[in-house]
Amino acid sequence: MLRFLDAGESHGRCLIGIIEGLPAGLSIDEEKINFNLKRRQGGYGRGERMKIEQDQVEILSGLREGKTIGSPLILMIKNKDWENWSEKEYPPLTIPRPGHADFAGAIKYGFKDLRKVLERASARQTAMRVAIGSVAGILLEEFNINTYSDVLRIGPVKAHRITSFNPEVKAEINESPVFCLDGIASLGMCREIDRAREKGDTLGGIFEVIISGVPIGLGSYVQWDRRLDARLASALMSIPSVKAVEIGEGIEASKKKGSAVHDEIFVQEELKNNSSRYFRKSNRAGGLEGGVTNGEEVIIRAYLKPIPTLINPLCSIDFATKRETKATYQRSDICVVPAACVVGEEVAAWEIATAFLEKFGGDSLVEIKENYKNYRDRLQEL
Ligand code: EPS
């Protein structure tokens, strides 16, 4: 079983992740992880903190000669800002930001200082989620399963969606300051972020994750918690600021008739090797039917609220005085949708890899490749 735990506070010494259940023999290139960490730190609209951090992963266990040995992999990312914080004494923070974990967290755990909440509730945690998901992505690449993510909307600015994803497109996404494939919309999004900054406000938006090369049969309908759509939605929803998740055309589908929604099934005879292939002309289901992958691209969208730390703060209360006041402001991002899109891609990779190992798992990569090949050979007969 593939699983992970992570730990660490935003201004603590470091972030730690422990991955268990990886097969032996998987080459782990730290640079692939660092590349995604760098992407997560980028995106127009990030704040001052990202000028301090230069996230790099260190792998502390589980590897010999660059390959996994079946034992737990420990990942570490240092917090550079820790040095700035460890020396200082800070007065307690007692005014919660509406929309943040501050309020409920302080009451739940009985804290007088909100820092004890926000240190762990911080989106800093997503750096480790990206590192962990990148390891899953490395495993998926062995089976030609590729992940993509791009931004579809920031505030009111909407992008034209492209429908064909390949490695060249991936490079193009990274060239956009907001990880958006529509150049004109990218400019509009940056302008909108500037406007929000000037007004002391923040912006949310939508990103999507696409996973190609996923075989038919990951996940299952036989038990609620094995439905892969549910697991993907849960993973995406665990990213700070995500308030809604959509699989395929889920939201539009709710307005239409069944005949206009479901992806009809066709068969193509392949004369060359005397076989046949099933296919669809549309993918409104987003690659998942009954909680099981159907061989089409998996498509997920996540909707983010604007982050709750506002330069022009909203009304709140002071736990210390029990009076109404304005929330406090220290420093923050204006828009995290591009960064969250990288996080979304990696947490989705993790869920797909988990389901993949449940179906084809073995103790070594060689064994899993054999299992996968047998399954694919058998599919030819169905
Ligand atoms: C965050 C506040 C900011 C963000 C942080 C999340 O950090 P700081 O409190 O140090 O100014 O930049 O995000 C990250 C550190 C990160 O790596 O994404 C918050 O309050 O949630």
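The figures follow:
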quantity	calculated
Residue count, the range 342-373 (criterion: among the charged types (D, E, K, R) and under 12 Å from Leu140 (Cα atoms))	3
Test: residue in the range 254-274 that is without any contact (Cβ under 8 Å) to a residue 12 or more places away in the chain, loosely packed, with under 12 Cβ neighbours inside 10 Å and at positive phi	yes
Candidates Asp29, Asp55, Asp81, filtered to the one that is surrounded by fewer than 17 Cβ atoms within 10 Å (Cβ to Cβ) and within 11 Å of the ligand (Cβ to nearest atom)	Asp81
Contacts under 8 angstrom Cβ, first residue in the range 216-234 being farther than 14 Å from Lys359 by Cα, partner acidic (Asp, Glu), 6 or more apart	Arg231/Asp225; Arg231/Glu351; Leu232/Glu351
Top-ranked residue of the range 90-104 - restricted to ones that are outside any loop (DSSP other than H, G, I, E, B) and open to solvent by 40 Å² or more (accessible area, probe 1.4 Å), ranked as farthest from Cys315 (Cα to Cα)	Ala104
Pairs, first farther than 15 Å from Val343 by Cβ and touching a residue at least 24 places away in the same chain (Cβ under 8 Å) in the range 40-57, second part of a loop (DSSP other than H, G, I, E, B) and among the hydroxyl-bearing types (Ser, Thr, Tyr), C-beta under 7 Å, six or more apart	Gly47/Ser332
Residue pairs meeting the criteria (Cβ under 8 Å; at least 6 apart or on separate chains; first away from the ligand (no atom under 15 Å from the Cβ), in the range 109-123; second assigned to a helix (DSSP H, G or I))	Tyr109/Lys116; Tyr109/Val117; Phe111/Gly105; Phe111/Val117; Lys112/Ala106
Residue that is most open to solvent (accessible area, probe 1.4 Å) [pool: residues in the range 343-352 that are away from the ligand (no atom under 15 Å from the Cβ) and acidic (Asp, Glu)]	Glu351
Filter pass, Ile74 being touching a Phe, Trp or Tyr at 6+ places or on another chain (Cβ under 6 Å), more than 11 Å from the ligand (Cβ to nearest atom) and in a strand (DSSP E or B)	no
Residues located in the range 240-252, provided they are within 16 Å of the ligand (Cβ to nearest atom) and either in contact with a Leu (Cβ under 8 Å, 6 or more places away or on another chain) or open to solvent by 60 Å² or more (accessible area, probe 1.4 Å) (or both)	Ser241, Val242, Lys243
Qualifying residues in the range 317-342 (those that are in a strand (DSSP E or B) and under 30 Å from Gly43 (Cα atoms)) - the one nearest to the ligand (Cβ to nearest atom)	Cys335
Qualifying residue in the range 300-312 (condition: away from the ligand (no atom under 16 Å from the Cβ), open to solvent by less than 30 Å² (accessible area, probe 1.4 Å), hydroxyl-bearing (Ser, Thr, Tyr) and outside any strand (DSSP E or B))	no
Unmet requirement for Asp201, which otherwise passes all of (1) touching a helix residue (DSSP H, G or I) at 6+ places or on another chain (Cβ under 7 Å); (2) surrounded by fewer than 20 Cβ atoms within 10 Å (Cβ to Cβ)	(1)
In the range 11-26, residue nearest to the ligand (Cβ to nearest atom) [restricted to those that are closer than 29 Å to Val151 by Cα and either within 18 Å of the chain's Cα centre (by Cα) or in a helix (DSSP H, G or I) (or both)]	Leu15
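Listed here are the residues, each with its yes/no results for (1) of a type in the set (A, V, I, L, M, F, W, C); (2) modelled with pLDDT under 95; (3) surrounded by fewer than 15 Cβ atoms within 10 Å (Cβ to Cβ).
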| residue | (1), (2), (3) |
| --- | --- |
| Ser282 | no, no, yes |
| Ala285 | yes, no, no |
| Ser316 | no, no, no |
| Phe319 | yes, no, no |
| Ala327 | yes, yes, no |
| Pro338 | no, no, no |
| Thr354 | no, no, no |
| Asp377 | no, yes, yes |
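Yes or no, residue by residue, for (1) more than 16 Å from the ligand (Cβ to nearest atom); (2) out of contact with any Ser or Thr (no Cβ under 6 Å at 6 or more places or on another chain); (3) in a strand (DSSP E or B); (4) of a type in the set (D, E, K, R):
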position	(1), (2), (3), (4)
Val135	yes, yes, no, no
Asn144	yes, yes, no, no
Arg153	yes, yes, yes, yes
His160	yes, yes, no, no
Phe179	no, yes, no, no
Cys190	yes, yes, no, no
Ile210	yes, yes, yes, no
Pro215	yes, yes, no, no
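The values are calculated or read from the model by the stated rules, or taken from the named source; none is laboratory data. No experiment lies behind these values; they were computed from the predicted model shown. Here Cβ is always computed from backbone atoms with ideal geometry, including for glycine, and neighbour counts include all displayed protein chains. Each accessible area value is taken on the protein alone, full model and side chains, heavy atoms only, with ligands, DNA and RNA left out. Shrake-Rupley method; radii C 1.70, N 1.55, O 1.52, S 1.80 Å.
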